[in-house]
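The values are calculated or read from the model by the stated rules, or taken from the named source; none is laboratory data. Note that the structure is predicted; figures quoted are calculated from it, not measured. No Cβ is skipped: glycine too gets one built from the backbone with ideal geometry, and neighbour counts run over all protein chains shown. The accessibility values were calculated without ligands, DNA or RNA, using every heavy atom of the protein model including side chains. Shrake-Rupley method; radii C 1.70, N 1.55, O 1.52, S 1.80 Å.
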Amino acid sequence: KMAIRELKVCLLGDTGVGKSSIVCRFVQDHFDHNISPTIGASFLTKTMPCGNELHKFLIWDTAGQERFHSLAPMYYRGSAAAVIVYDITKLDSFHTLKKWVKELKEHGPEDIVVAIAGNKNDLGDIREVPMKEAKEFAESIAAIFIETSARNAVNVEELFQKISKQIPPLENPEGDSNESFKLTRQPAPSTRRCC
Amino acid sequence: MAAEDLPSEFDVVILGTGLAESVVAAAFSRVGQRVLHVDRRSYYAGDWASFTFNGLLSWIQEQHVSTSLLEEGEELICLSNSDSGSIRNVQVFCFTRWITDCFVTQASQTQGEEPEADRSQSEPAKKKINYAQLVKEGRRFNIDLVSKLMYSRGSLVDLLIKSNVSRYAEFKNITRILTYRHGNVEQVPCSRADVFASRQLSVVEKRKLMRFLTSCMEETEEQRAYKGRPYLEFLSDQQLGDNLQHFLLHSIAMVTEDTPTEEGLASTRHFLHCLGRYGNTPFLFPVYGLGEIPQCFCRMCAVFGGIYCLRHSVSCLLVDKESNRCKAVIDSRGQRISCSHFVVEECYVPANQKKVATPSRFVSRAVLITDSSVLHSDSEQQVSLVTVPPIAAGCPAVRMVELCPSTMTCMPGTYLVHLTCQSVGSAYEDLSPVVTRMFRTPESHDRENCPSVLWCLYFNMADGSGVEVEGHDLPSNVYVFSGPDGGLSHERAVRQAESIFNKVLPDEDFCPPAPNPEDIIYDGDTAASTGGEDEKQEKEGAGGEEKNEEGEAGEEEKKEEGRAGEEEQKEGAGEEIHEKEGAGDLAE
């Protein structure tokens, strides 16, 4: 049986570029035309095979906290990857990419995999951001680049496959006997000594 | 990203993002109230915040600005929106240049002023960390302004689990309880395994301790007879001997010599009750620091539609004269925002509306960055609580928490040490005698084997337990929260949040569980067709993580249908049993 590895992915980008739509397409293969800011979703999950591992993505949405520039540092904690989304039909949303990259450098983990997604590529006729320019920018910061359409299910799966491939293999767990854990109703395993 | 206007109508407006405000924000939002949550600062959690090293240096500078205009004999009374006045007596010392060259500066001069590289390395085997490295690796620090721990069966842990906010954070066990005694740091045996393994206890002491710990779990006639008399008296009548008495009074009950017996017993029982749930001590600590916890509750609030705005404040309240209720607020941009309830951190309340203008009690705090642990052991990744009884008559008992790098609060090769006590004098006066005794600093002598202090900060913070939250001259639908108290637990903040929530919405559940991620259905306009599919949908992982106590998660969902599966409830029942088996490590 393949080992399941949980990977936190955080989404960044301006309000309205389609962050939630991308997750919704990826996780539920569904597109809602008038999606309201995500209510009630702490994060969504989807599991994909990668090599001899299963990658279970825990995809965190900004929950609207980006709207007034009030994302909390805890949002970035422990993320294996970040997807920065812009809207190819809105030049402004591309210009603010740099700000998100900077923010990620400041608050994100050092070894985080960064992907840049130019969303709404189904609206090519009103495109404002040339693909070449975006691609060059992504290359300059060693980020994955892809144009997506959440509406038409274009490249969404591929985006996460690319991320999966760049996740470094699991390091051997070090001999730290006091590992961190999530709180559950059950006592955490392993740490209790037995007489 | 042009500055957008805020919506102009909310049910609840909350000013301040400390723990209690954040918990109540999540609670309101969770049951469908429209919440606007703002903080005038650029960071979350107010006096509960944690900072990177560089972030802390900026914080120090801010405090310095607000107090530097004070002259001898004057006192600062803060109006809302100016600095809170909850912080005083900030002093910073940097010893990285090492003993002879140490410098003592005012906060504002410290930043970026580290002298050139460390020349005098007293221990060639161990490379000293210099100030430039602390700054360079500053991001690896998460330095909390308050120092508390989470009781594994305390109300905060219960709330995190009940609400599912727990999935936003990870925790570590406090791995050992230490105490300072006769000039040495000793380990306090607190689990049954510890007692058996202890080398410092004699066989007789081990038996006595086990017998005492078992017997104190239930109230007896004998205990009742000591009601109102000091716990110390009760303990000494148990013929336990000095060792055990010290452990029980200072490290397990964590009370003072004159604490009444019933209180001492209650806190001993609470300690014992919390053993074994997650680890061998009763305590947990959040990875990345306590400052994460308010942020987690804020996220829960946002996930249910709450709107967040940092660097934003409320400048005035519009009060209906007839009903004496606050109808709306004017924000710092001059926008009118109507609301049915207004929740505010005490420090924002203008002095002339307050019942008592200044806090009555302060907590003394010190934060040290050191180069090694106060007690060496096989593992370098220990998280320790150290109880330090009063070092002389009239001195306060000091609580110390030593965090290792794996808690993600300090850079590799360092430890982060928090000291806390009730203020008698300034933080420096109260705590530096303990620091000098237990650590190597320019003022200490013969401390060759003690950890060296690389950098330290002293400050006083208003004690939230000494702050009035009622009786202010404010409208009836304005609720005031005090800042953090000096105690070890989070009970007070959680209780305050719950009581205000119940006052406003007496018929609503406080923080019901949020649905599991796997249960959320984006139904959009196809709501009718989702019902049948839902049931078939794979529920991988759901319920294995958490149990829904009431089995009704998501019933109140407006946009999505959360479902609480039957399997979940079944599993939950099994977990309850499991939990009971794990309880009361010592009392068995």
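Among A:ILE163, A:ILE116, A:ILE126, A:ILE146, which is more than 13 Å from every other protein chain (Cβ to nearest Cβ) and either of a type in the set (S, T, N, Q) or surrounded by fewer than 18 Cβ atoms within 10 Å (Cβ to Cβ) (or both)? Going through A:ILE163, A:ILE116, A:ILE126, A:ILE146 in turn, the sole match is A:ILE126.
Within the stretch A:31-47, at least one residue is in contact (Cβ under 8 Å) with a residue 60 or more places away in the chain and either in a strand (DSSP E or B) or away from every other protein chain (no Cβ under 14 Å) (or both). Looking across the stretch B:441-469 at every residue that is farther than 19 Å from B:VAL363 by Cβ, touching a residue at least 24 places away in the same chain (Cβ under 8 Å) and of a type outside the set (Val, Ile, Thr), the one that is surrounded by the fewest Cβ atoms within 10 Å (Cβ to Cβ) is identified as B:PRO442. Of everything in the stretch B:300-350 that is part of a strand (DSSP E or B) and within 13 Å of chain A (Cβ to nearest Cβ), the residue that is modelled with the lowest pLDDT is B:ASP331. With respect to the conditions (1) of a type in the set (S, T, N, Q); (2) within 22 Å of the chain's Cα centre (by Cα); (3) on the phi > 0 side of the Ramachandran plot, B:THR256 falls short on a single one, namely (3).
Is it true that B:ARG336 is charged (D, E, K, R) and open to solvent by less than 30 Å² (accessible area, probe 1.4 Å)?
On the way: charged (D, E, K, R): yes; open to solvent by less than 30 Å² (accessible area, probe 1.4 Å): no.
In short, no.
Examine the stretch A:91-109 for a residue that is part of a loop (DSSP other than H, G, I, E, B), without any contact (Cβ under 8 Å) to a residue 12 or more places away in the chain and at negative phi, and state whether such a residue exists. The answer is no; no qualifying residue exists.
Residues in the stretch B:8-40 that are within 11 Å of another protein chain (Cβ to nearest Cβ) and not β-branched (Val, Ile, Thr): B:SER22, B:SER29, B:ARG30, B:GLY32, B:LEU36, B:HIS37, B:ASP39. Within the stretch B:473-495, residues that are open to solvent by less than 10 Å² (accessible area, probe 1.4 Å) sit with their Cβ atoms under 7 Å from residues that are assigned to a loop (DSSP other than H, G, I, E, B) and of a type in the set (Ser, Thr, Tyr), at 6+ positions apart or across chains, in these pairs: B:ASN477/B:SER340. The residues of the stretch B:14-46 that are of a type outside the set (Asp, Glu), under 18 Å from the mean Cα position of the chain (by Cα) and not in a loop (DSSP other than H, G, I, E, B), listed by number, are B:LEU19, B:ALA20, B:SER22, B:VAL23, B:VAL24, B:ALA25, B:ALA26, B:GLY46. For the stretch B:153-208, taking the residues that are facing another protein chain (nearest Cβ under 10 Å) and part of a loop (DSSP other than H, G, I, E, B), the one that is farthest from the chain's Cα centre (by Cα) is identified as B:SER191.
Would you check if A:LYS135 is among the basic types (Lys, Arg) and exposed (fewer than 14 other Cβ atoms within 10 Å of the Cβ)?
Against the criterion (among the basic types (Lys, Arg) and exposed (fewer than 14 other Cβ atoms within 10 Å of the Cβ)), A:LYS135 does not qualify.
Just one residue in the set A:ASP92, A:ASP29 is over 15 Å from the mean Cα position of the chain (by Cα), at pLDDT below 90 and of a type outside the set (S, T, N, Q); that residue is A:ASP29.
From B:LEU272, B:LEU248, B:LEU213, grab the single residue that is without any contact (Cβ under 8 Å) to a residue 60 or more places away in the chain, touching a helix residue (DSSP H, G or I) at 6+ places or on another chain (Cβ under 8 Å) and open to solvent by less than 10 Å² (accessible area, probe 1.4 Å).
B:LEU248
Would you pick out the residues in the stretch A:57-90 that are among the hydroxyl-bearing types (Ser, Thr, Tyr) and either over 19 Å from B:GLU292 (Cβ atoms) or not in a loop (DSSP other than H, G, I, E, B) (or both)?
The answer is A:TYR75, A:SER79, A:TYR86, A:THR89.
Within the set B:GLU219, B:GLU263, the sole residue that is assigned to a loop (DSSP other than H, G, I, E, B) and away from every other protein chain (no Cβ under 14 Å) turns out to be B:GLU219.
Annotation: of all residues in the stretch B:133-183 being closer than 20 Å to B:ASN280 by Cα and among the small types (Gly, Ala, Ser), the one that is most open to solvent (accessible area, probe 1.4 Å) is B:SER155.
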